[in-house]
Amino acid sequence: MAHKNAPLHGIWNLVNVKGGFEAIDVSYEEREITWSFNEIDRKLTVVNNLLGNELYWVSSGTHEYDMQQTNGYTYLVIEKFHLRLVTIDEKHLKVVQSIVMHGVGVSEYTLYFEKLN
């Protein structure tokens, strides 16, 4: 069972999103978008204070999540989203979201988070 000292547990501030076919590079202020993980009950609470800005990440609300291992990679699974876990330590979280664009290819977005608590 995970506990409050587990690396993912706590509130994470989304600080930057990069990538995609559009080659976006968008930075966010503290607490504009936060992901709060509770590893005890496997719940993620997303707070997005930017209206109409939910294209590349999970929408505001409470979601169940899981961690899965596939082909040597660790994935954070939130509903239909499979985010490849690239980096996690006490203060930084980096995940990659791949979106399949039919007839075009795969577009990848890298989400960078910093821990608030």
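The values are calculated or read from the model by the stated rules, or taken from the named source; none is laboratory data. Not measured: the values here are computed from a predicted model. Glycine also receives a Cβ, built like all others from the backbone with ideal geometry; neighbour counts cover every protein chain displayed.
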Check your understanding: With respect to the numbered conditions (1) under 14 Å from L8 (Cβ atoms); (2) of a type outside the set (K, R); (3) at pLDDT below 90, which one is the sole condition not fulfilled by E114?
Key -> (3)
**Study point:** Residues of region 6-19 classified as surrounded by fewer than 17 Cβ atoms within 10 Å (Cβ to Cβ) and either of a type in the set (A, V, I, L, M, F, W, C) or more than 24 Å from R42 (Cβ to Cβ) (or both), total
**Key:** 4
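Those residues that are of a type outside the set (F, W, Y) and either buried (at least 16 other Cβ atoms within 10 Å of the Cβ) or in contact with a Ser or Thr (Cβ under 6 Å, 6 or more places away or on another chain) (or both), I need them from region 68-94; list them, please. Working first, answer last.
First, pick out the residues of region 68-94 that are of a type outside the set (F, W, Y): 68-72, 74, 76-80, 82-94.
Once the filter is applied, which keeps residues that are of a type outside the set (F, W, Y) and either buried (at least 16 other Cβ atoms within 10 Å of the Cβ) or in contact with a Ser or Thr (Cβ under 6 Å, 6 or more places away or on another chain) (or both), region 68-94 yields L76, I78, H82, L83, R84, L85, I88, L93, K94.
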Check your understanding: What pairs can you find where one residue is in region 56-84 and closer than 16 Å to S36 by Cβ, the other is among the small types (G, A, S) and outside any loop (DSSP other than H, G, I, E, B), and their Cβ atoms are less than 9 Å apart, with a gap of 6+ or different chains?
Key -> L83/S98
